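Working notes, structure below.
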Amino acid sequence: MLILIAGLPGTGKTTIAKAYAKRYGVLHLNSDHIRRELGLWGSYRPEDKARVYEELLDRTRAALTSGKTVVVDSTFYSAELRQAFAELAEKQGIATKWILATAPEETLRQRVSAPRPDSEANEAVLEKIQAAFEPMEPPFLTIDTAGASPESLAEAIHRYIGHG
């Protein structure tokens with residue numbers, strides 16, 4: 001199974017994905033970690049973004065091919081980016097579940113205003129991605145991360161994907 005967690009910076013995508021991966025023993029892949037590994041931290045030129053997503057897609061493909069369940073978190077701000085992952089899973093005959101992480105505007109701004117180990121996004125990046133974020137096509141689960149524990153959100157995702 002492929003579980004994809006999308007959303008704006010500061011929505012808690014990585015926190016939720018880590019909690020889910022830990023609780024249910026699945027592989028977690030994250031675009032910011034890959035950006036750092038590729039030496040592209042701080043570089044958001046179109047070709048650098050494309051390289052990060054290409055590597056994320058390649059790693060997802062390899063994990064799915066080896067039979068692993070994978071949870072991937074990234075902004076997935078465009079329909080084109082989302083489509084590449086949906087097509088990958090479809091070609092492999094693997095179920096895909098989309099999760100949209102959300103939080104109130106005030107919460108997002110508060111979260112991105114402080115340094116975070118898993119993201120370099122600040123208010124300017126938040127605003128840029130908000131302007132570019134294309135609506136997601138159903139079906140997907142929307143989860144509001146404000147005031148909920150990562151563990152309870154991981155459980156909600158698990159129920160949504162049909163495991164309880």
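Bear in mind these aren't lab numbers, they're just calculated from the coordinates by the rules spelled out. What you are looking at is a predicted structure, and each value in this text was computed from that prediction instead of being measured.
Numerical summary
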quantity	calculated
Stretch gain in nm, segment GLU54-ARG159, where the contour uses 0.36 nm per residue and the Cα spacing is subtracted	34.8 nm
Difference of contour (0.36 nm per residue) and Cα-Cα distance, GLU120 to ALA146	7.4 nm
The chain: relative contact order as a whole-number percent, Cα under 8 Å and 6+ apart	37
Label of the coordinate-derived value, Rg and Dmax of the Cα atoms in Å, listed as [x] 14.8, 42; [y] 17.4, 56; [z] 15.2, 53	[x]
Fraction of beta bridges assigned by DSSP in region 2-160 that are antiparallel (%, nearest 5)	5
